[in-house]
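S.K.: Below: one structure in structure tokens.
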Amino acid sequence: MAVRATGQRVRAGARVRPLLVRPGARFACSGSGFCCRDLHRLGPLSLDDVARLARLAPGAVVDDADGHGPKLRIVDGHCSLLDGSACSLHREHGAIAKPSICRRFPLGLWATPLGGRVVTSHRCPCRTLGDRPPLSAAEAVRSLRDGRGRLRPDGRTPRQLCLRGDEAIPFAAYAALEAELLLPLARGDYPADVLGLAPELPRLGRGSWREVGASFRAVRARGDAGAEALGWFGDALASLAGDPAVGVATRSWQRAFDEAEARATRPAAAEVVIGDFLADLMWGLHWTVRGSFERFTAELLALWLGALAVTARLVAAGHGAERAAAEAVMITELAAQSGLWWDAVRAFEAVREAGHD
């Protein structure tokens, strides 16, 4: 069903129509409830979400201890509204009653001068593992529109994008440059060659990658599933920096990936699973609000190396390559969204600005 295009112009030069889906993106929800667990922040909630939940599910909202705003209350590692593998709020009041973060996940929307890009999260095996149909614009609209049928973007990209230093190009020119990189990344070509960079962690202007890895490892003490994932990424960085391997680490998300792996009938290569993730990071355009494309490509390479290290460790533990890579991109995506990673990126920025390699 067509949705009336209301509120499309989010600012001069950026729009959400037409809706653009990256070729090759695949997704099919299994209804396992995995996205309702504490591996995900389950917030922040909008003021409208909080008001609606106060009426429909009193006690379902709490303030985030880290200051990220109101979020869904977690009980025994999952959202308090999760009943088995189903959302009780959805069952009793319909999908529109759920918070917007729940209705949209794992999809997002980024407004550009050429239209609205549908972006996807790789934190769920429904996006990364097993047999999944291509993601369609019609399916994306059903998840992304609000109660009034409007498409509201998560971010916006201006007409001019920074390539490096003071050099900027029109978005249309960037899109042509990007198109030459997206396909080889998504099909699993060697990312260092695709991006024209050396396959190594970038130098930092302050601190070291060993210290960054130690910071991620220390988060394990928090005890939740997200902390487990960040600890795994810390192990990967530490190993890349020359630290000895750590002992056995827990993975509370293992069952969800077991089930997704059992549904798969056409295994994909690990390089394709990771490459698809890297292509989505580029397609998502989040880098445009925090730096240059040159810095982003170096960041992308560092994330690839981290994902490879996690994949290798899981393969050594006896898992298949596709399964190992799917877990690795979930872990890597969570790490890339953390404050610890932003600290590392800012340190790398200092190197670039100082004129070092």
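The values are calculated or read from the model by the stated rules, or taken from the named source; none is laboratory data. Everything numeric here is computed off the predicted structure, so don't read it as measured data. With ideal geometry, Cβ positions are generated from the backbone for all residues, glycine too; neighbour counts draw on all protein chains shown. Accessible surface is based on the protein model in full, side chains and every heavy atom, while ligands, DNA and RNA are left aside. Shrake-Rupley method; radii C 1.70, N 1.55, O 1.52, S 1.80 Å.
S.K.: Touching a Phe, Trp or Tyr at 6+ places or on another chain (Cβ under 8 Å), outside any helix (DSSP H, G or I) and without any contact (Cβ under 8 Å) to a residue 40 or more places away in the chain - does that describe any residue in the stretch 160-177?
M.R.: Scanning the stretch 160-177, I find at least one residue that is touching a Phe, Trp or Tyr at 6+ places or on another chain (Cβ under 8 Å), outside any helix (DSSP H, G or I) and without any contact (Cβ under 8 Å) to a residue 40 or more places away in the chain, so the answer is yes.
S.K.: Restricting to the stretch 144-159, name every residue that is in contact with a Phe, Trp or Tyr (Cβ under 8 Å, 6 or more places away or on another chain) and under 17 Å from Leu107 (Cα atoms).
M.R.: Pro153, Asp154, Gly155, Arg156
S.K.: Another question, then. Identify all residues within the stretch 141-155 that are part of a strand (DSSP E or B) and among the aliphatic types (A, V, I, L, M); write none if there are none.
M.R.: We begin by selecting, within the stretch 141-155, every residue part of a strand (DSSP E or B); these are 145, 151, 155.
If the condition is that a residue be part of a strand (DSSP E or B) and among the aliphatic types (A, V, I, L, M), then Leu151 is the only one that fits.
S.K.: Shifting gears a bit: Looking at (1) part of a helix (DSSP H, G or I); (2) open to solvent by 10 Å² or more (accessible area, probe 1.4 Å); (3) closer than 29 Å to Arg222 by Cα, can you tell me which one Ala260 breaks?
M.R.: Against the list (1) part of a helix (DSSP H, G or I); (2) open to solvent by 10 Å² or more (accessible area, probe 1.4 Å); (3) closer than 29 Å to Arg222 by Cα, Ala260 comes up short only on (2).
S.K.: crowded, with 21+ Cβ neighbours inside 10 Å, in contact (Cβ under 8 Å) with a residue 24 or more places away in the chain and in a loop (DSSP other than H, G, I, E, B), is that true of Leu53? Write out each step before concluding.
M.R.: Numbers: crowded, with 21+ Cβ neighbours inside 10 Å: yes; in contact (Cβ under 8 Å) with a residue 24 or more places away in the chain: yes; in a loop (DSSP other than H, G, I, E, B): no.
No; evaluated as a whole, the condition is false for this residue.
S.K.: Additional query: What pairs come up if the first residue lies in the stretch 113-133 and is at positive phi, the second is polar (S, T, N, Q) and open to solvent by 20 Å² or more (accessible area, probe 1.4 Å), and their beta carbons are under 9 Å apart, counting only those six or more places apart or on different chains?
M.R.: Short answer, once both residue conditions are applied: Gly130/Ser30; Gly130/Thr265.
S.K.: Which numbered condition trips up Trp283, out of (1) touching a strand residue (DSSP E or B) at 6+ places or on another chain (Cβ under 7 Å); (2) farther than 23 Å from Gly130 by Cα?
M.R.: For Trp283, the failing item is (2).
S.K.: Restricting to the stretch 147-157, what's the tally of residues that are open to solvent by 40 Å² or more (accessible area, probe 1.4 Å) and farther than 27 Å from Gly94 by Cα?
M.R.: Summing the residues that are open to solvent by 40 Å² or more (accessible area, probe 1.4 Å) and farther than 27 Å from Gly94 by Cα in the stretch 147-157 gives 1.
S.K.: Please go through the stretch 94-117 and give me each residue that is open to solvent by less than 20 Å² (accessible area, probe 1.4 Å), under 30 Å from Ala269 (Cα atoms) and part of a loop (DSSP other than H, G, I, E, B), ordered by number.
M.R.: Correct list: Pro106 only.
S.K.: Yes or no: Arg203 touching a residue at least 24 places away in the same chain (Cβ under 8 Å), open to solvent by 70 Å² or more (accessible area, probe 1.4 Å) and under 19 Å from the mean Cα position of the chain (by Cα)?
M.R.: No.
S.K.: As an exercise: evaluate Arg132 against (1) at pLDDT 90 or above; (2) within 26 Å of Pro267 (Cβ to Cβ) and give the number of the one condition it does not meet.
M.R.: That leaves (1) as the condition not met.
S.K.: When you go through Gly306, Gly320, Gly231, Gly226 one by one, which is the residue that is touching a residue at least 12 places away in the same chain (Cβ under 8 Å), more than 30 Å from Arg117 (Cβ to Cβ) and open to solvent by less than 20 Å² (accessible area, probe 1.4 Å)? Steps first, answer last, please.
M.R.: Working: Gly306 fails: more than 30 Å from Arg117 (Cβ to Cβ); Gly320 fails: open to solvent by less than 20 Å² (accessible area, probe 1.4 Å); Gly226 fails: more than 30 Å from Arg117 (Cβ to Cβ).
The match here is Gly231.
S.K.: Only one of these conditions is not met by Asp343: (1) in contact with an Asp or Glu (Cβ under 8 Å, 6 or more places away or on another chain); (2) charged (D, E, K, R); (3) open to solvent by 10 Å² or more (accessible area, probe 1.4 Å). Which number is it?
M.R.: Only one criterion is unmet by Asp343, namely (1).
So that you can scan it fast, the table gives a plain yes or no per residue for (1) closer than 16 Å to Ala227 by Cα; (2) within 19 Å of the chain's Cα centre (by Cα):
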{"position": "Cys29", "(1), (2)": "no, yes"}
{"position": "Gly33", "(1), (2)": "no, yes"}
{"position": "Asp38", "(1), (2)": "yes, yes"}
{"position": "Pro44", "(1), (2)": "no, yes"}
{"position": "Leu47", "(1), (2)": "no, no"}
{"position": "Ala54", "(1), (2)": "no, no"}
{"position": "Asp64", "(1), (2)": "yes, no"}
{"position": "Gly69", "(1), (2)": "no, no"}
{"position": "His78", "(1), (2)": "yes, no"}
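S.K.: If you check Leu163, Leu144, which single one turns out to be surrounded by fewer than 20 Cβ atoms within 10 Å (Cβ to Cβ) and in contact with a strand residue (DSSP E or B) (Cβ under 7 Å, 6 or more places away or on another chain)? Show your work before the answer.
M.R.: Details: Leu144 fails: surrounded by fewer than 20 Cβ atoms within 10 Å (Cβ to Cβ).
After ruling out the rest, the residue left standing is Leu163.
S.K.: Can you tell me which residue is least open to solvent (accessible area, probe 1.4 Å) among those in the stretch 118-140 that are assigned to a helix (DSSP H, G or I) and among the aliphatic types (A, V, I, L, M)? Before you say what the answer is, go through the steps one by one.
M.R.: From the stretch 118-140, those assigned to a helix (DSSP H, G or I) are 125-128, 137-140; that's our starting set.
Going one step further and asking which of them are among the aliphatic types (A, V, I, L, M), we end up with 137-138, 140.
Working: Ala137: 39, Ala138: 62, Ala140: 0 Å².
The extreme case among them is Ala140.
S.K.: Among what's in the stretch 24-50 and is open to solvent by less than 50 Å² (accessible area, probe 1.4 Å) and not in a loop (DSSP other than H, G, I, E, B), pick the residue that is farthest from Pro125 (Cα to Cα).
M.R.: Val50
S.K.: Determine whether Pro170 is modelled with pLDDT of 95 or more, open to solvent by 50 Å² or more (accessible area, probe 1.4 Å) and not aliphatic (A, V, I, L, M). Break it down into steps so the answer makes sense when it comes.
M.R.: On the way: modelled with pLDDT of 95 or more: yes; open to solvent by 50 Å² or more (accessible area, probe 1.4 Å): yes; not aliphatic (A, V, I, L, M): yes.
When the stated conditions are applied, Pro170 passes them.
S.K.: Another question, then. Cβ-Cβ below 6 Å, separation at least six or inter-chain, first residue in the stretch 270-290 and assigned to a helix (DSSP H, G or I), second charged (D, E, K, R) and open to solvent by less than 30 Å² (accessible area, probe 1.4 Å): which pairs?
M.R.: Final answer for the pair search is Val273/Glu322; Trp283/Arg22.
S.K.: Let me ask something else about it. Within the stretch 24-39, work out how many residues are modelled with pLDDT under 85 and farther than 12 Å from Ala256 by Cβ.
M.R.: 1
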